[in-house]
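Here is the structure we will look at, set down as structure tokens.
The values are calculated or read from the model by the stated rules, or taken from the named source; none is laboratory data. It should be emphasised that the depicted structure is a prediction, and the values quoted were computed from it without experimental measurement. Quick reminder, even Gly has a Cβ in these numbers, built from the backbone with ideal geometry, and neighbours come from all protein chains shown. Surface areas here come from the heavy atoms of the whole protein model, side chains and all, with no ligands, DNA or RNA. Shrake-Rupley method; radii C 1.70, N 1.55, O 1.52, S 1.80 Å.
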Amino acid sequence: MDRLPRHIAIIMDGNGRWAKARNMERSYGHRYGVDAVRTVTEAASELGLEYLTLYTFSTENWNRPDDEVAALMSLMVMAIERETPDLIKNNVRLRAIGDMSRIPAEVRERLDRCIEETAKGTGVTLILALSYSSRWEIARAAREICRAAAEGKLSADDIDEDTVSRFLTTKEIPDPDLLIRTGGELRISNFLLWQLAYAELYFTDEFWPDFGKESLYKAICSYQSRERRFGKTSEQL
């Protein structure tokens with residue numbers, strides 16, 4: 001318990017395939033995926049984790065069939081409203097990162113309300129990556145840095161790694177220590193590319209709806225078995 005990751009990020013993959021394996025429509029997989037979000041958030045709270053970031057909807061997901069996108073947005077509204085009381089009860093603070101300009105107004109309004117109602121939470125910070133992609137985020141940061149330079153607030157010599165980090169949507173959030181991806185895929189799919197530079201990666205074949213507390217504990221145990229050297233040698237550590 002004294003070597004827990006401070007920040008865990010999760011790519012929640014496999015909802016559709018989970019449903020297909022049960023002869024159900026993909027939308028049912030997303031519904032059961034919400035239950036897994038609740039379970040994992042509760043586990044993170046019980047463990048005393050500080051940050052949990054969930055890759056909820058990528059910018060690439062807008063290219064999915066219209067009916068699936070509509071179902072996802074409807075589910076998002078329902079889940080936000082249903083889960084807010086439990087988030088408050090569990091002292092969870094909600095945040096969101098991503099291109100919110102593309103999120104439907106109804107979803108955005110309810111999300112903003114939940115963020116406001118949980119703002120005083122002092123437990124785990126739950127970050128939803130919505131309409132998010134890392135390339136979008138880095139390009140956005142580059143534009144903001146250029147504007148700051150044009151206004152005389154920055155010079156080329158001022159720009160270093162810390163400068164870039166300050167212009168990202170995660171500027172007030174520590175980088176993830178552990179990335180978990182469910183569903184058997186071995187890639188990070190345009191997620192937190194800058195922030196994951198030194199994260200430990202954990203991949204599991206479990207589909208997201210099946211990922212529970214024991215699954216999270218197993219991932220954390222794998223993280224704790226690794227030596228994080230950050231470019232140093234074992235002897236230096």
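Structure above, values below:
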quantity: Accessible area (Å², 1.4 Å probe, nearest 10) - Asp205; calculated: 120 Å²
quantity: Loop-located GluC sites (Glu not before Pro) in segment 51-160 whose Cβ has at most 13 other Cβ within 10 Å (DSSP); calculated: Glu151
quantity: Gain upon complete extension [Ser234, Asp67; 0.36 nm per residue less C-alpha separation]; calculated: 54.9 nm
quantity: Whether segment 39-119 is rounded, prolate or oblate, judged on the alpha carbon gyration tensor where a/c under 1.5 counts as rounded; calculated: prolate
quantity: Inter-label distance for Arg38 and Ala21, nm, one decimal - labels placed 7 Å from Cα along Cα-to-Cβ; calculated: 2.2 nm
quantity: Percent accessible area from carbon and sulfur atoms, the chain, protein chains only, probe 1.4 Å; calculated: 47 percent
quantity: Residue among Gly212, Gly152, Gly29 with the largest mean-square fluctuation in a Gaussian network model of the chain, springs linking Cα atoms under 10 Å; calculated: Gly152
quantity: Accessible surface, segment 1-145, averaged per residue in Å² (probe 1.4 Å); calculated: 49 Å²
quantity: Net length gained if the chain between Ala156 and Glu81 were fully extended (0.36 nm per residue, minus Cα distance); calculated: 22.5 nm
quantity: Listed residues Arg113, Arg147, Arg135, most fluctuating in the chain (Gaussian network, C-alpha, under 10 Å); calculated: Arg147
quantity: Förster radius 45 Å - calculated FRET efficiency between Glu50 and Ala149, Cβ distance, rounded to 0.05; calculated: 0.85
quantity: Karplus 3J(HN,Hα) series, Hz, for segment 37-47 with 6.51 cos²θ - 1.76 cosθ + 1.60 (x for Gly, Pro); calculated: 4, 4, 4, 5, 5, 4, 5, 4, 5, 5, 6
quantity: Separation of the Arg166 and Tyr198 label points, Cα + 7 Å toward Cβ, nm; calculated: 2.0 nm
quantity: Solvent-accessible ranking of Met12, Met1, largest area first, probe 1.4 Å; calculated: Met1, Met12
